[in-house]
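Below: the structure, in structure tokens.
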Amino acid sequence: MGMDSGVNISNVDAPYGGKSAFTQLEHNIVAGYLITAGVISLASNIVVLLMFVKFKELRTPTNFIIINLAFTDIGVAGIGYPMSAASDIHGSWKFGYAGCQIYAALNIFFGMASIGLLTVVAIDRYLSICRPHIGEKMTVRSYSLLILAAWLNAVFWCSMPIVGWAGYAPDPTGATCTINWRQNDASFISYTMAVIAVNFVVPLCVMFYCYYSVSITVRRYKASNCLDCINMDWSDQMDVTKMSIVMIVMFLVAWSPYSMVCLWASFSDPKTIPAPMAIIAPLFAKSSTFYNPCIYVIANKKFRRAITGMIRCQTRQRITINTQVPMTISQQPLTQ
């Protein structure tokens, strides 16, 4: 998910098909990583989507957001990884100017959409647990509007470099395209600062507030021994909440190094960025496309049961994953 690999570590031009700052062996290693990560990401996220198709009990509003997240991962793995891997094998960017613009824009698009959707998940958890009277009033249309807002925000930020706010170009490896770090001017700096503020700092503040409020609310209910008196599948709510928190923590782990490199390129000489950091940070960020499915299975009992049911080709889906405890409106299947 997200802004793609490559940060300028020098001011040496790396034109389309031009000389790369990397050796062919280094390109081949990166290509091997991209191919492996791409196959794992595509396969695991497609399994997640099939799981939602097969088990209608999983089609809750929260999980509808998860479905959209899976599409962002599939977008990067299905479009970004193959183009970048093919260029690494080739030794330089092989899809020309138009391909570079499309590739970089799509990676920015899916990255911004991911952070937006994770923010929507946090808001959903907050409303479901801390403000159930509001959560119960949330409709399919309400969730659809929140999800649409995340996608439209992504469209805005990925299109700005195309129309002239910053720009897209190959990086010094020559095998991938991203924001043009060589143009370390006011346009690039203002764009980078705006992206980090709107798509990193603000979402993090919202998420922190939401999950801090959730933890306080849960503690209060536990202290008053009131969990059983709430009309809620509390175990399921906690599963979903824990899964959401782990997803956000992992997103931060993946993207923080890349954000630091962005800031470094903005406020210091890009030539001073260590070469290992310049390549490892963006490749590390790419891992965000294949760990989400692992988190779904590890942190959510219903997902585990659904995956097991799919593997065993069970036909009694409802018995496999359903729970006898009433659910709040926000956790009802999306069938209306």
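The values are calculated or read from the model by the stated rules, or taken from the named source; none is laboratory data. Keep in mind the model is a prediction, meaning the values are calculated, not measured. Cβ placement follows ideal geometry from the backbone for every residue including glycine, while neighbour counts extend to all protein chains displayed.
Select from the range 1-48 the residues that are within 17 Å of PRO274 (Cα to Cα), surrounded by fewer than 19 Cβ atoms within 10 Å (Cβ to Cβ) and modelled with pLDDT under 65 and list them in ascending order.
SER10, ASN11, VAL12
What's the total number of residues in the range 285-336 that are of a type in the set (Ser, Thr, Tyr), farther than 30 Å from TRP255 by Cβ and either at pLDDT below 75 or assigned to a loop (DSSP other than H, G, I, E, B) (or both)?
Within the range 285-336, the subset of a type in the set (Ser, Thr, Tyr) is 287-289, 291, 296, 308, 315, 320, 323, 328, 330, 335.
Filter once more, keeping what is farther than 30 Å from TRP255 by Cβ: 308, 315, 320, 323, 328, 335.
Narrowing further to those that are either at pLDDT below 75 or assigned to a loop (DSSP other than H, G, I, E, B) (or both): 315, 320, 323, 328, 335.
Selection size over the range 285-336: 5.
Scan the range 100-118 and give yes if some residue there is assigned to a helix (DSSP H, G or I) and either more than 22 Å from the chain's Cα centre (by Cα) or free of Cβ contacts under 8 Å to residues at least 24 places away in the same chain (or both), otherwise no. Lay out the reasoning, then the answer.
The initial filter retains those residues of the range 100-118 that are assigned to a helix (DSSP H, G or I), namely 100-118.
Among the residues that remain, those that are also either more than 22 Å from the chain's Cα centre (by Cα) or free of Cβ contacts under 8 Å to residues at least 24 places away in the same chain (or both) are: 102.
Yes: the range 100-118 contains one or more residues that are assigned to a helix (DSSP H, G or I) and either more than 22 Å from the chain's Cα centre (by Cα) or free of Cβ contacts under 8 Å to residues at least 24 places away in the same chain (or both).
Quick check on TYR126: is it at negative phi and touching a strand residue (DSSP E or B) at 6+ places or on another chain (Cβ under 6 Å)? Before the answer, list the steps.
Working: at negative phi: yes; touching a strand residue (DSSP E or B) at 6+ places or on another chain (Cβ under 6 Å): no.
No: the conditions fail for TYR126.
Would you point out the residue of the range 80-99, among those that are among the small types (Gly, Ala, Ser), part of a helix (DSSP H, G or I) and over 21 Å from the mean Cα position of the chain (by Cα), that is surrounded by the most Cβ atoms within 10 Å (Cβ to Cβ)? Let's see the steps before the verdict.
So the first thing to find is which residues in the range 80-99 are among the small types (Gly, Ala, Ser), and the list is 80, 84-87, 91-92, 96, 98-99.
Now drop any that are not part of a helix (DSSP H, G or I), which leaves 80, 84-87, 96, 98-99.
Checking the rest, the ones that are also over 21 Å from the mean Cα position of the chain (by Cα) come to 86-87, 96, 98-99.
Numbers: ALA86: 16, SER87: 28, GLY96: 11, ALA98: 8, GLY99: 15.
In this case the residue turns out to be SER87.
With the condition kept exactly as written, say whether any residue in the range 119-131 is in a helix (DSSP H, G or I), in contact with a Leu (Cβ under 8 Å, 6 or more places away or on another chain), surrounded by fewer than 24 Cβ atoms within 10 Å (Cβ to Cβ) and modelled with pLDDT under 85.
No - not one qualifying residue is present in the range 119-131.
Just to check your reading of the model, which residue among ILE196, ILE216, ILE162, ILE179 is of a type in the set (A, V, I, L, M, F, W, C), under 24 Å from SER87 (Cβ atoms) and surrounded by fewer than 16 Cβ atoms within 10 Å (Cβ to Cβ)?
Matching residue, one of ILE196, ILE216, ILE162, ILE179: ILE162.
Name the single residue that is surrounded by the fewest Cβ atoms within 10 Å (Cβ to Cβ) among those in the range 60-79 being over 17 Å from TYR296 (Cα atoms) and of a type in the set (A, V, I, L, M, F, W, C). Show your work before the answer.
From the range 60-79, those over 17 Å from TYR296 (Cα atoms) are 75-79; that's our starting set.
Applying the additional criterion that residues be of a type in the set (A, V, I, L, M, F, W, C) yields 76-77, 79.
Numbers: VAL76: 29, ALA77: 26, ILE79: 16.
Per the stated criteria, the residue is ILE79.
How do the pairs read when you match residues in the range 55-71 that are acidic (Asp, Glu) with residues anywhere that are part of a loop (DSSP other than H, G, I, E, B), using Cβ under 7 Å and keeping only pairs 6 or more apart or on different chains?
Sorted first by the residue in the range 55-71, then by its partner, the pairs are GLU57/ASN322; GLU57/PRO333.
Contact list please: Cβ distance under 6 Å, first residue in the range 169-182 and closer than 19 Å to TYR33 by Cα, second residue among the polar types (S, T, N, Q) and outside any loop (DSSP other than H, G, I, E, B), pairs at least six apart or on different chains.
Short answer, once both residue conditions are applied: ASP171/THR178; ALA175/SER87; THR176/SER84.
Output the residues belonging to the range 67-79 that are over 10 Å from the mean Cα position of the chain (by Cα) and among the β-branched types (Val, Ile, Thr).
Scanning the range 67-79 gives ILE67, ILE74, ILE79.
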